[in-house]
Amino acid sequence: MEYAEILQDHPFLIRTLKLTLPFAIVAAEVTFLYFFLDPTSFLIVIGLMVAYILSPAGKETVIPAGIFLGIPWWLMAGSIMMIDIETALFMGWNFDLALKIPVLGRIMESFIEKSDAFIKEQPWVKNLYFTGIAVIVMMPVMGSGGIRGTIIGNLLGMQKIPLFLAIVSGAFIGCFGIALAAVFLQELFIQSILLRSEEHTSEL
């Protein structure tokens, strides 16, 4: 209780924590990857994580790409899931501040306009609420599900904790679902090549 009162009396400290904690989690994730992976695999994962945030690439692109390049499926899925969680934390805690940042603010305003149009075109999102946000984050569309889910959740007036839990649920199901599907397709492809090779050998 004393800690809560201290934080309430120091809004600058609260803002600092909200700004720095998501980046601290990112730093911890990158540090783990650096020591866990070999240099080549580390660069592949970091490159795909950056592509997921900055480019039109979505989960359905970066996760299979990492797996096909030799990254363990669970690590690739977990890394992208963490991006959704980290962006959701930053956006959820600093939404008002992010709108004031020149370049990011314009991007967010564009996101808000598109999200508002999406909600009007897809009324099921309002009806499903928590599940709707989870489904939106799960959906293999371009950009971070954490950013997209936070913006739509704010437009729907969701409370921060249910919104964050919905994003985490959607990120987990979406990322690991895509990873498992990619592994399945990869194994089918390998088995097909081996089968053709055996057939060709038997013909000789």
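The values are calculated or read from the model by the stated rules, or taken from the named source; none is laboratory data. Bear in mind the structure is a predicted one, so any value in this text is a computation, not a measurement. So basically every Cβ, Gly included, is an ideal-geometry build from the backbone, and we count neighbours across all protein chains shown. Side chains included, ligands, DNA and RNA excluded: accessible areas come from the protein's heavy atoms. Shrake-Rupley method; radii C 1.70, N 1.55, O 1.52, S 1.80 Å.
Structure data summary
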| quantity | calculated |
| --- | --- |
| Volume in Å³ per residue [convex hull over Cα atoms, computed for region 73-174] | 91 |
| Solvent-accessible ranking of 84, 38, largest area first, probe 1.4 Å | 38, 84 |
| The chain, dipole about Cα centre (Lys/Arg Cβ +1, Asp/Glu Cβ -1), debye to the nearest 20 | 580 |
| Degrees separating the helix 102-121 axis from the principal Cα axis of the chain, which is the longest one | 80 |
| Degrees separating the helix 11-36 axis from the principal Cα axis of the chain, which is the longest one | 10 |
| Residues listed by number, region 84-109, amide nitrogen under 11 Å from residue 19 label point at 7 Å toward C-beta | 97-98 |
| Potential extension, residue 193-residue 129 segment - 0.36 nm per residue separation minus Cα distance | 18.5 nm |
| For region 119-184, alpha-carbon Rg over 2.2 N^0.38 Å | 1.10 |
| Cα point-scatterer Debye curve for the chain, base-10 log of I(q)/I(0) at q = 0.15 Å⁻¹ | -0.98 |
| Order of exposure, largest accessible area first, which applies to 40, 87, 61, 150 with probe 1.4 Å | 40, 61, 87, 150 |
| Per-selection metrics, region 54-105 (Cα): Rg and Dmax in Å | 14.1, 40 |
| Helical mean residue ellipticity (222 nm; -39500 (n - 2.57) per DSSP H run of 4+; nearest 500) of the chain | -29500 deg cm²/dmol |
| Length-normalised contact order of the chain in % [C-alpha pairs under 8 Å, at least 6 apart] | 25 |
| Global geometry of region 15-61, whether rounded, prolate or oblate, following the gyration tensor of its Cα atoms and the 1.5 cut on a/c | oblate |
| Gap separating the Cα centres of region 115-193 and region 22-91, nearest whole Å | 17 |
